[in-house]
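Read the structure below first, then the notes.
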Amino acid sequence: RRGRAGSRPPAFDKAQYRRRSAAERCVSKWKQFRAVATRYDKRDYIFNGTLTTAAIVIWLRDTVQEPSETA
């Protein structure tokens, strides 16, 4: 069904969609790391450490600007 807003359903919540989109993008970035995508780690606390390390690497990559972006 289509709501009054065009192609969106009647119960479309913009804020909820934004939060969900951010979470899905984060998970897709995590899955670019082989250790996270395949889950080689046997214990939960080691896997959580792998997730933390991947999150730090992603954060550092996003904060460093490419040389082409500064020109």
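The values are calculated or read from the model by the stated rules, or taken from the named source; none is laboratory data. What you are looking at is a predicted structure, and each value in this text was computed from that prediction instead of being measured. Reconstructed Cβ throughout: ideal geometry from the backbone, glycine too, with neighbour counts over all protein chains shown. Side chains included, ligands, DNA and RNA excluded: accessible areas come from the protein's heavy atoms. Shrake-Rupley method; radii C 1.70, N 1.55, O 1.52, S 1.80 Å.
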Checked the stretch 20-33 for anything assigned to a helix (DSSP H, G or I) and under 19 Å from D62 (Cα atoms); matches are S21, A22, A23, E24, R25, C26, V27, S28, K29, W30
Pairs, first in contact (Cβ under 8 Å) with a residue 12 or more places away in the chain in the stretch 19-44, second open to solvent by 60 Å² or more (accessible area, probe 1.4 Å), C-beta under 7 Å, six or more apart | V36/W30
